[in-house]
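To start, the structure itself, in C-alpha cells.
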Amino acid sequence: MSKYGPTRGEHLFRLIFSIFGLACIGVLFAVQGVPRGAGLVEVVGIAGAFFGGTFVLSARALLRKGQG
C-alpha cells in the first residue's frame, strides 16, 4: 500500500458523490428537459464530464485496490 494518494475511504466518498451528481443531472433532465445553448455545454459538458470522470476513476481505483 502506498503512503501517498487518496485512501480507500476517500475513493468511496468520491464514487458516492459522483453517483449523486449524475443522478441530479438525470433529475434535471427529467424535470426541465435538455437545456439549449450555453446551458447544454455547462450541464452536459462540464458537470457531466466532472461527475462521469470522477465516477470512472474512483471505481477503477477501488477495483484495483480490492484486487491487490
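The values are calculated or read from the model by the stated rules, or taken from the named source; none is laboratory data. Every value quoted in this text rests on a predicted model; they were computed, and no experiment measured them. Here the Cβ is made from the backbone with ideal geometry for all residues, glycine too, and neighbour counts use every protein chain on show. For the accessible areas, the whole protein counts, side chains as well, though only heavy atoms, and no ligand, DNA or RNA atoms are used. Shrake-Rupley method; radii C 1.70, N 1.55, O 1.52, S 1.80 Å.
Remarks
- Helix 8-32 and the longest principal axis of the Cα set of the chain meet at an angle near 10°.
- Just the protein heavy atoms count here, and of the accessible area of the chain at 1.4 Å, carbon and sulfur take up 71 percent.
- Summing +1 for each Lys or Arg and -1 for each Asp or Glu among the other residues whose beta-carbon sits under 15 angstrom from that of residue 7 gives +4.
- In a simple Cβ point-charge model (Lys, Arg +1; Asp, Glu -1; nothing else charged), the chain has a dipole of about 340 debye relative to its Cα centre.
- Max mean-square fluctuation residue, GNM over the chain, Cα-Cα springs under 10 Å, options 47, 23, 38: 38
- Helix 48-67 axis versus longest C-alpha principal axis of the chain: approximately 20°, rounded to the nearest ten.
- Ellipticity at 222 nm from helices only: DSSP H runs of n ≥ 4 in the chain, each -39500 (n - 2.57), divided by the residue count, give -23000 deg cm²/dmol.
- Rolling a 1.4 Å probe over the protein chains gives residue 27 an accessible area of about 90 Å².
- Max mean-square fluctuation residue, GNM over the chain, Cα-Cα springs under 10 Å, options 48, 33, 21: 33
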